[in-house]
1. Let me confirm something: among 152, 114, which residue is in contact with a helix residue (DSSP H, G or I) (Cβ under 8 Å, 6 or more places away or on another chain) and under 20 Å from residue 18 (Cβ atoms)?
2. Which residue is surrounded by the fewest Cβ atoms within 10 Å (Cβ to Cβ), if the candidates are limited to the stretch 139-165 and must be within 9 Å of residue 93 (Cβ to Cβ) and over 11 Å from the mean Cα position of the chain (by Cα)?
3. Going by the conditions given, is residue 148 more than 16 Å from residue 78 (Cβ to Cβ), modelled with pLDDT of 90 or more and part of a helix (DSSP H, G or I)?
């Protein structure tokens, strides 16, 4: 039998942020059972982020369990210039909907507190996120994660389509137009000299 090896996530340089902390109750034959529910976001501030939800009898063990679950769910999200999203997108999870817009350099993070924790753990510096519908922080972050995960970088699109990177970003068209304009200018210069 073949044994699969998985790369272990780096736990040393991860940013851990608690998004939601609440008491939950379950009814059993013996009465009400009280437990702590914790939702945590974990990221390396350089394009990797994950989140986890866990329950335990006390807060510290619930946080540890949530961090373990979050480190297992870490995935890479492509970022433009290491600071923003490649393009605008709308995403929905349950009753929470988010509109993600890429921001200009130096514009900063403009979003709600729970979305800010996720984006800061990811490492984005310029982004605008508008939330609609339910403001439940768990569903809001899941909608945000769904939207950001569906964004593809130009390199991924080029590989998927089997074309060059320059064609995806439209550099061939720009170079072709510049070449036509340059040839017109040189032709105009030749006619004025003669």
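1. Details: 152 fails: under 20 Å from residue 18 (Cβ atoms).
Of 152, 114, the one residue that is in contact with a helix residue (DSSP H, G or I) (Cβ under 8 Å, 6 or more places away or on another chain) and under 20 Å from residue 18 (Cβ atoms) is 114.
2. 139
3. no
The values are calculated or read from the model by the stated rules, or taken from the named source; none is laboratory data. Quantities reported herein were computed from a predicted structural model and do not represent experimental measurements. Methodologically, a virtual Cβ is constructed for each residue, glycine included, from the backbone with ideal geometry; neighbour enumeration extends over all protein chains shown.
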